[in-house]
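Every number here is computed from the coordinates shown, using simple stated rules; none is lab data. Here the structure is a predicted model, which is why all the values come from computation and not from measurement. Please note: Cβ atoms are built from the backbone with ideal geometry, for glycine as well, and neighbour counts cover all protein chains shown.
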Amino acid sequence: MYLFRGLIALAYCDYKSDYIQNIKSQMESKINELKQLYGTQMMAFPEVHYQLKGDNFSLSFTIDKRRGTLQDILSLLDNNVKNATLIKKEKSSIKPIEILKYTFQDSKGEFTITLIGPTNNHFYLLEYTKMNEFMHDYERFAEIFRVANQARTPKSERINPFQPKYKEKAKGDPIENLQNLGARVYKVEDSYLDWDYLAGSEEAKREIEDTILLTLERPEIFDKITETTRVKYEKNRPKAVLFEGPPGTGKTTSAKIISNQVKVPLVYVRLEAILSKYYGEAEGNLGKIFENCISLGKCMIFIDEIDSLAQSREKEMHEATRRLLSVFLRYLDGFESSDDIIVICATNRKSDLDPALQSRFSKVIQFPYPDKHSRMAIFERYAKHLDRGQLMNLAENSQNMTGRDIKNICEDAERKWAAFILRGEQSDYKVPFYLYQASLKSRVFHKDNK
């Protein structure tokens, strides 16, 4: 008898799992129709999550209240859910989270729609739950999904001159637009760097591999983990990462390598392209850069020397910088609902960053000065003809030198040797060890006397 009941239960679970896969297939078809009809816009068309909760089928997605559609959803639930009658409305709260639960009746039975939020300041979770006969609910759910993600700008944003005006995809070619704004776009087909190019920084490489590359290359593994561990499903993929370390330690190079590894374009943002002496123009430039990145589709945004853009408000931040930071934070929050964009910022003064900005970074990766063995590896990259004793000598005498410093030392030695060859004084193309020593001593002298 117990075996028979167990087999019945197992068959029932398989039926439910197959059924929810069918729901997912049908619903994704509906959503793709919406995308083709309306186009994908910033923070539009978030991912729908499909789950079994006991005997219930559950579909859920997030709503960004900054889109201005939250009131439309409430009006729809109160007055006009398709082919259904509202039989109960319950409101509760676990501060600061509010919970609105609507219970409806249709010809096939009851279903509930629950709105929970705000979570993470701006986002509400909408969950649609029904026990059976879900196949008749596609049009109803698709309509709710469409209303939640329609293009609309909240009144509070329309009257604020310091918020970006570009809520839809930017017009024109995004790459050309970004270049005109002073950003540099590294296309996938132009990428060639890999980790062999960056000697040293082994710990930073490992952290990048574990927390960025793997989440971008195999997101389904991380989704399965969070479905197992979280009460409410949330993505565990970094959307904003901070690289911290002195100039020349490999932060920008690492961003280029990540871009090449995951095969997405890298948008390198120069701060001088954002800052402007004209009132309100800096925020507009930043908004245009972000909107064109959204139009570009899947990409990485790399912002160097973010401390110059967003210093702590405790240090009497200039009003223009405060407005710029506000815009920057708002876009970072918006990118959390998208799988298309990851933002990497670089600084050598993390302590100077505004606390609100620091809290947005899901990961901080350190790029310290290379140690002796890393310096030896970097010298070997640029002076492969030297023996190990000579390389170790250079490494031991280059403390507090960055990878960029070492590259410059080797280039200086090569140029000096080229002059000897061009004057006819030498014919061997191998640069002698003593020239590397001389260039290193000169570099150390200038560093010590800055």
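Computed values, structure above
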{"read-out": "Cα convex hull volume per residue for the stretch 372-448 (Å³)", "value": "79 Å³"}
{"read-out": "Computed lengthening from Thr229 to Arg184, 0.36 nm per intervening residue step minus Cα-Cα distance", "value": "12.2 nm"}
{"read-out": "GluC sites (Glu not before Pro) within the stretch 367-448: DSSP coil, no more than 14 neighbouring Cβ in 10 Å", "value": "Glu425"}
{"read-out": "Cα-based Kirkwood hydrodynamic radius, the stretch 165-366, one decimal, Å", "value": "17.5 Å"}
{"read-out": "The stretch 211-271: trypsin sites (Lys or Arg not before Pro) in DSSP loop, at most 11 other beta carbons within 10 Å", "value": "Arg230, Lys232"}
{"read-out": "Check: the stretch 323-409 dipole with +1 on Lys, Arg Cβ and -1 on Asp, Glu Cβ, in debye", "value": "240 debye"}
{"read-out": "Chain lengthening between Lys24 and Leu213 when straightened (0.36 nm per residue, less Cα-Cα)", "value": "65.3 nm"}
{"read-out": "Distance between the stretch 386-423 and the stretch 79-137 - C-alpha centres, whole angstrom", "value": "67 Å"}
{"read-out": "Loop-located trypsin sites (Lys or Arg not before Pro) in the stretch 325-408 whose Cβ has at most 14 other Cβ within 10 Å (DSSP)", "value": "Arg349, Lys384"}
